[in-house]
1. With a 10 Å radius around each residue's Cβ, average the other Cβ atoms per peptide and rank 68-74, 83-89, highest first.
2. When you take every Cα atom in the range 3-103, what is the radius of gyration, and what is Dmax, the widest Cα pair distance, in Å?
3. Over the chain, what lengths in whole Å, largest first, do the semi-axes of the equivalent ellipsoid take, defined as the square roots of 5 times the eigenvalues of the alpha-carbon gyration tensor?
4. So if we plug the beta-carbon distance of V40 and A114 into 1/(1 + (r/R0)^6) with R0 = 30 Å, what FRET efficiency do we get, rounded to 0.05?
5. I'd like to know which of T62, P245, W48 lies farthest towards the positive end of the charge dipole of the chain, counting +1 on Cβ of Lys and Arg and -1 on Cβ of Asp and Glu.
Amino acid sequence: MYARERVRAGELRERYPHAAEVLALYLALVEVWESVGDDVPPDGALDWAQANVLPRVVAATTSNGPPPLAEALGTAGRDGLLDAWLADEELTPVERYLARATMRVVPLPATRNAVSGRCPTCGGQPQLSYRADSDDPLVSGRRMLRCARCANEWNFSATTCPNCGETGKRTVYAEARAGPQVGRAPADEDALFPHLRAESCQSCRRYLIDIDLGRDPRAVPQVDELAAVPIDLHMADEGYTKITPNLMGF
Ligand SMILES: [Zn+2]
Ligand SMILES: [Zn+2]
C-alpha cells in the first residue's frame, strides 16, 4: 500500500542529503503504517489507534527521528491526543507530529460544509499541490491539491490561491542552479529541485509546495514535498508562511 512512498523516500534520501534524516524517519513511519494493514476496526478506530498505533509511532521516532524531535517526545501529552487533534485544539509541534503520524491509518469523519480550497472529504487544508504529467508538452497537466489531514486529492484551479481565493497576486518561486530566482524560470535539469517550486499569494502571504510530475514522473508528491526544506527556509525569509506545515513540521 505504501510501496511507492517507500521506494521514493529511499531515492530522495540519496539525492538530497539535507533531507536524509527526515526521510529516514518517514521510512520508519511507513513501516508502522504498513504493519497496521487492515487491522483498524470500523468502530472505535480512534481509541484503537491511540492504544495500538501511537506507541509504535513513538518507538519509531525514538529510534529514527532527528535528535531534537526524539528528545521532544518526552514533553508530549499523549492522553486524548487524537481527540484533541481532531477538535483542532492547540498542540505543540511534537504533539501535532505524533497525532498526524498516527492518524494516517485512521479514516476521518466526513465534513458537511464544503469550503473552497479545503478538502471536500474532511475539510482539511491542502498540504501541497501537484501537476499531473501531460502527454502534450504544450499543455501542462491539471492542478491537484492533496489534503494535509486525509489522503484525499482533488482538482483545483491553477490560478487561484487555495488559502484566500485570490486569483491575481500569485508568485511562483523556483530554485535554479544559479541561485534563487523568482518567477517561472525555464526548466533547469541541473537545478537542485527541477520539479519543485513554491506557489505563493501576495494577498495572504501564504504558500505551498507545488510538484511538477511532468518534470519528474517518478515523484510521489507527499514524499517529495518533505525534501523541499531549503525552499521552505527561503520562503520564511521572504515573509511567507506555508498554508499548513507538513508531517515533519516544515
Ligand atoms: Zn481531507
Ligand atoms: Zn492567498
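Computed from the coordinates by the stated procedures, all read-outs in this text should not be read as laboratory data. Keep in mind it's a predicted model, so treat the numbers as computed, not measured. Glycine gets a Cβ as well: all are built from the backbone with ideal geometry, and neighbour counts include every protein chain shown.
1. Per-residue Cβ counts within 10 Å, averaged per peptide and sorted highest first, yield 68-74, 83-89.
2. Gyration radius and largest Cα-Cα distance of the range 3-103: 14.1, 42 Å.
3. 30, 21, 18
4. That gives a FRET efficiency of 0.70.
5. Farthest towards the positive end: P245.
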